[in-house]
Amino acid sequence: MVKQNGSDLHLAVGSPPMIRAGGQLMPLPDTEMMTGETINKISETFLSPEDIVKLKDKKSLVLVKNLVNFRFRIDAFYQKGWLALSFHYIPGV
């Protein structure tokens, strides 16, 4: 995403991963539709057990994380009963 000058990455069940670049949403090339299982596995890589409890209780969670030397604001929420994730790149970190 960052390499393509994207500012956001959106993951939702039934859609390919989408990036926002230049103000436009576009699918990431050569990717498959996201499944609930895939999104859950991705979320487990950065959510603590406490975060997972909060997310299940409140149905949404916003946090800031450093992932692979990049900083992101992450929105985790339920959309149509499925977990969805949105990553917003925070430049300069």
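The values are calculated or read from the model by the stated rules, or taken from the named source; none is laboratory data. All figures in this text were calculated on a predicted structure; none of them were measured in a lab. Positions of Cβ are generated from backbone atoms using ideal geometry, with glycine treated the same way; all protein chains shown enter the neighbour counts. Heavy atoms of the whole protein, side chains included, go into the accessibility calculation; ligands, DNA and RNA do not. Shrake-Rupley method; radii C 1.70, N 1.55, O 1.52, S 1.80 Å.
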In the chain, lysine pairs 8 or more places apart or on different chains with C-alpha atoms under 16 Å apart total 4
So, over other residues within a Cβ distance under 14 Å of Pro49, counting Lys, Arg +1 and Asp, Glu -1, the net charge is -2
A correct Karplus calculation of ³J(HN,Hα) over segment 66-78, with 6.51 cos²θ - 1.76 cosθ + 1.60, θ = phi - 60°, whole Hz and x for Gly and Pro, returns 8, 10, 6, 6, 10, 9, 9, 8, 10, 10, 10, 7, 9
To the nearest Å², the heavy-atom accessible area per residue of the chain with 1.4 Å probe amounts to 65 Å²
Between Lys41 and Ala21, the two model label points (7 Å from Cα along the beta-carbon direction) sit apart by a distance in nm of 2.5 nm
Share of accessible surface on carbon and sulfur in the chain, whole %, 1.4 Å probe and ligands ignored, is 55 percent
Checked the chain against the a/c 1.5 cut and the a/b vs b/c comparison, axes a ≥ b ≥ c from its Cα gyration tensor; verdict oblate
Of segment 50-92, those with amide N under 16 Å from the point 7 Å along the Cα→Cβ vector of Asp30 are none
Once Trp82 and Ser60 are pulled to full extension, the length gained, defined as 0.36 nm per residue separation minus their Cα-Cα distance, is 6.8 nm
Taking trypsin sites (Lys or Arg not before Pro) in a DSSP loop with at most 15 other Cβ atoms within 10 angstrom as exposed, one finds the longest site-free stretch of the chain at 1-58
Relative contact order in percent for the chain (Cα pairs under 8 Å, 6+ apart) equals 27 percent
Subtracting the Cα-Cα distance of Glu50 and Ser7 from 0.36 nm times their residue separation yields 12.7 nm
